[in-house]
Structure formats: structure tokens, C-alpha cells
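Input: a single structure, listed below in C-alpha cells.
None of the figures in this text is laboratory data; all of them are computed from the coordinates on show. Quick caveat, the model's predicted, so the values are computed rather than measured. Virtual Cβ from ideal backbone geometry, glycine too; neighbours counted across all protein chains shown.
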């Protein structure tokens, strides 16, 4: 595993829809391993392949329980992810992004989502998520669709220390 450079919002790859993955081979495994390492080193809770300059529909997410820190984090790897269902309930929350360093913004997201995709071996996967985990999946799936959180907010700012607890 090798940590990769994270592309910033100025790079074209972050504003284009990523290509589907149709080959589940050693190259995909290497990409996923590098993404996990990059996310952890950054540190972050999610990463999409376009953020390391690879225009493929691959995301990784690592998150525990937002209410109970004693529950260990779980790692999700999704290839060709898509949101197939989302709640009507929207929650506004503060988001940051590894590709938009030093800034945050308020973004309205669905409280709950159902996400479908494949694991890194090609097996179909369906995940139901709510709260912050749902927000993370929506944020990362936006990345593979060429959308940044900055496209979904009217207000972006440099966070103060008290803001950092909510990101």
C-alpha cells in the first residue's frame, strides 16, 4: 500500500463523472489498497478514486458509530456505487473534504440512504446507512459523479476550533 497525493478542487478529474469499473483484478486491488492507505494517512473518513487522480467509480469509507466511540470502525469498499434510495428527511451538517483543504461548508443531505455497488471482487453489495455514515456515502458518491460539497453549499468558511468537533 502506498499513500497517494490527493488532488485538490482545481483538478479537472474532480469535476468529471468517473468511469465504471468492469475489471476486478490485481490493478483494482492495488488501487483500493492505495486509497485506504491515503485515506488513513490524510486522515479522513472517506476517499474516492478521482481524489487521487483515477477517474474510476471506486470509494472507500471507514467510520464507526457516531454515538458510541467504543464500537470499532468499519471499512467499506464500494465499486460502481450508487444511491438507490434516500429518505425525504434532510439534515444540514458541516462538511470538509480532503480535496478542499482548510475549508468547510454547510450541506443538506438525506438522513438515510441505501447504497448499491460491488465489493472489490465484483460481488453485489447493498448498504443501508443513516446519520453521519449516510452523509459520508453521499459525499463520496458525489465525488465519482464529479460533484464537490462546495457545489452543494452557499457558504464556505475556514473553520475555527469549535467547528472541528462537528466535521
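Projected area of the chain, taken from the Cα convex hull and averaged over every viewing direction, in nm²?
For the chain, the mean projected area of the Cα convex hull comes to 9.5 nm².
Apply 1/(1 + (r/R0)^6) to the Cβ-Cβ distance of residue 145 and residue 103, taking R0 = 35 Å, and write down the FRET efficiency to the nearest 0.05.
Efficiency at R0 = 35 Å is approximately 0.95.
Tally the DSSP beta bridges in the range 12-164 and give the antiparallel ones as a percent, rounded to 5.
95 percent
When the expected Rg is taken as 2.2 N^0.38 Å, what fraction or multiple of it is the alpha-carbon Rg of the range 47-144?
1.06
PRE reach from residue 123 (point 7 Å along Cα→Cβ): which of the range 29-69 fall under 17 Å by backbone N?
29
Can you order the peptides 54-62, 145-153 by their average number of other Cβ atoms within 10 Å per residue, highest first?
Averaged packing, sorted descending, gives the order 54-62, 145-153.
Contour minus end-to-end for residue 65 and residue 90, with contour as 0.36 nm per residue of separation and end-to-end as the Cα-Cα distance?
7.0 nm
Calculated FRET efficiency, residue 25 and residue 111, Cβ-Cβ r, R0 45 Å, to nearest 0.05?
0.75
So between residue 1 and residue 155, what do we pick up on full extension, going 0.36 nm a residue minus the alpha carbon distance?
51.8 nm
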